[in-house]
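To keep things clear, I will list the structure first and then write my remarks on it.
The values are calculated or read from the model by the stated rules, or taken from the named source; none is laboratory data. Because the structure is a prediction, the values reported are computed rather than measured. Surface areas here come from the heavy atoms of the whole protein model, side chains and all, with no ligands, DNA or RNA. Shrake-Rupley method; radii C 1.70, N 1.55, O 1.52, S 1.80 Å.
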Amino acid sequence: MISSQAEAWIQENRYGRNGIRNNFYVAIDERSRGVGGVYCSTSEIGACINAGDFYALEAVKNCNQDGRYNCAVYSIADRIIWDGPVYLRHSSSTQNLPYNGVWPVTLEWEADPDGRARLVGVEGELSIAGIGSTTCPVALDPTGSRDGRFTLRCPGGLTVRGDYGRTGGDIWEWEGRDSEGRSIGFRIDLVKGRGPEG
């Protein structure tokens, strides 16, 4: 689980105005209480790779804050290496939102006869992949602790809007209509998430 505060720290330090996009090692506490990072400033990428274990340990050390937290390496450069899916604790709705990883999706939609897809998260950027041969970015707008709105934008201008809600446990049900009036339904089991692709 990653908190809004930890996510903001990562976004600012990696992608912000003075962000470090290369050779940046990040560690987080499994309960997202601590976050820490180290930058390998050498101009030779080979030196960073050869000393990678050192930088990873330094990131964990910075995150641990003298033993206060139980941290592990989250990412190296722009590659997420955390073993398993990561969820973002949305601060205003207290929902656990998919943040980084892959979750299976059962899909009912005339536009996709296969009916199988996956929700992919890369540091908060979500998309539905496997709808035919396309990938469609999706935005979630939580409105409460168990529900919200979604917008899916597919190539070619096709848009889907609707509502989502948790039906019990960690099962999400999404229902909506696409810009051509067809109904669409998603079923996502957050328990079946796994680590990031590739």
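Expressed as a whole percentage, what fraction of the accessible surface of segment 132-198 belongs to carbon and sulfur atoms when a 1.4 Å probe is rolled over the protein heavy atoms?
Heavy-atom surface of segment 132-198 belonging to carbon and sulfur, 1.4 Å probe: 43 percent.
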Once the cut-off is 18 Å, how many percent of the Cα-Cα pairs in segment 4-98 end up in the long-distance tail? 45
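Express the accessible area of segment 4-98 per residue in Å², computed with a 1.4 Å probe while the remaining protein chains stay in the model.
On a per-residue basis, 57 Å².
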Tilt of helix 52-64 relative to the longest C-alpha principal axis of the chain, in degrees (0 to 90, nearest 10)? 80
Helix-only mean residue ellipticity at 222 nm for the chain, each DSSP H run of n ≥ 4 adding -39500 (n - 2.57), per residue, nearest 500: -4500 deg cm²/dmol
